[in-house]
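The values are calculated or read from the model by the stated rules, or taken from the named source; none is laboratory data. Just so we're clear, the structure is a prediction, and the values are computed from it rather than from any experiment. Positions of Cβ are generated from backbone atoms using ideal geometry, with glycine treated the same way; all protein chains shown enter the neighbour counts. The accessibility values were calculated without ligands, DNA or RNA, using every heavy atom of the protein model including side chains. Shrake-Rupley method; radii C 1.70, N 1.55, O 1.52, S 1.80 Å.
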Amino acid sequence: MTDKYAVIGNPIAHSKSPLIHKMFAEQTGQDISYEAVLAPLDGFATTVKRLRDEGYKGCNVTVPFKFEAFQLATQLTPLAEKAQAVNTLKFDGDTILGNNTDGTGLAQDILYNLKIALNNKRVLLMGAGGAAYGVTLPLGHVGAKLTIVNRTADKARALASSHISDKFMVSGCSFDEIAGQQFDVVINATSAGLTYSEIPLPPTIFAPGALAYDMMYGRETPFMKFAHEHGAAIVSDGLGMLVEQAAESFWWWRSARPDTRLVLEALRGKK
Ligand code: NDP
């Protein structure tokens, strides 16, 4: 019997996850279906429970429900527990297991697809929502020296202070406080691109050779345009992260590892 999975979000029509998981299933011979499900903004928990009652095996969770998914999960992986945000759920009877594969996906994309080392690099992470929470610890694991900046600065400070340790250099601040600083990697984990909004970055923010990485995909965001205009050496969208985090979810559900490179090439129209 075909095992059913879904991605839940609001909005969700733009999602490439169904296509990605279809390609993973074909590659690995797994018998699954995967669809996009729109949940009302006040109806995330009801939607998850409906899917579980209909026999779905699990789901991915996207904007804006990752914190609610964390609350709903009855068991958490260590990464999800630290992130306080969940992007992947697995159903096992009454148990709802929560995981977070965003950070592993981002690190895989930067380290292995873009081939950029993060150890000891000055990394600026913009945003303090579900995506930023998901990637903070994995960025620490790969040795990044992390500054988190957010429009609501207190949220950046709270995220940084929940991760600080003697092994992990991380601080949180406002956009005003990054004036005069330079970074080797600047990651946009805000949703500003969804509304085509500018982010108030100083024009000298990119160190020589810097990577500008936007988690959004599908079109050039104002941040990517800014990066091209202000000296970033490499500008990337978040399509690679999307594929890599999907592969981690697929692995967690199915114990099968797809070849992400082939899928990414197909999505970028290179095959
Ligand atoms: P959330 O809604 O949880 O958080 C949104 C964040 O963006 C907040 O920090 C918010 O700041 C900030 N923000 C919103 N609008 C603006 C603006 N105009 N200027 C500056 N900051 C702004 O969203 P998520 O964290 O879940 O997702 C963020 C983005 O990352 C989305 O675009 C999502 O699609 C993308 N993403 C991509 C993934 C991939 O695989 N490629 C995976 C995960 C996410 P404040 O706190 O002040 O409101």
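Once divided by 2.2 N^0.38 Å, the Cα radius of gyration of region 25-125 becomes 1.24. The GluC sites (Glu not before Pro) of region 179-258 meeting both criteria, a DSSP state outside H, G, I, E and B (loop) and at most 16 other C-beta atoms within 10 angstrom of the site's C-beta, are Glu198, Glu220. Among beta bridges from DSSP that stay inside region 114-271, the antiparallel ones total about 5%. The trypsin sites (Lys or Arg not before Pro) of region 147-218 meeting both criteria, a DSSP state outside H, G, I, E and B (loop) and at most 12 other C-beta atoms within 10 angstrom of the site's C-beta, are Lys167. Where both bridge residues fall in the chain, DSSP classifies roughly 20% of the beta bridges as antiparallel. Within the accessible surface of the chain, defined with a 1.4 Å probe on protein heavy atoms only, the carbon and sulfur portion equals 51 percent. Charges only on Cβ, +1 for Lys and Arg, -1 for Asp and Glu: so what's the dipole of the chain about the Cα centre, in debye to the nearest 20? The dipole of the chain has a size of about 340 debye.
Can you give the net charge of the other residues whose Cβ lies under 14 Å from the Cβ of Ala207, counting K and R as +1 and D and E as -1? Here the charged neighbours net out to +2. Along each principal axis, taking the top coordinate minus the bottom one, the Cα set of the chain gives 58, 41, 34 Å in descending order.
Beyond 27 Å, what share of the Cα-Cα pairs of region 103-237 remains, rounded to the nearest whole percent? For region 103-237, the fraction of Cα-Cα distances above 27 Å is 8 percent. Using a simple spin-label model with pseudo-atoms 7 Å out from Cα toward Cβ, Thr95 and Thr74 lie 1.0 nm apart. The residues of region 1-115 have, on average, 47 Å² of accessible surface per residue, using a 1.4 Å probe with all protein chains present. For Met215, the residues 5 or more places off, or on other chains, whose built amide H falls under 5 Å of its own are Asn188.
In this simple spin-label model, placing a label point 7 Å from the Cα along the Cα-to-Cβ direction at both Asn119 and Leu262 gives a separation of 3.2 nm.
Backbone amide hydrogens, once placed in the peptide plane, bring Ile96 within less than 5 Å of Thr74, Gln75, excluding anything fewer than 5 places away on its chain.
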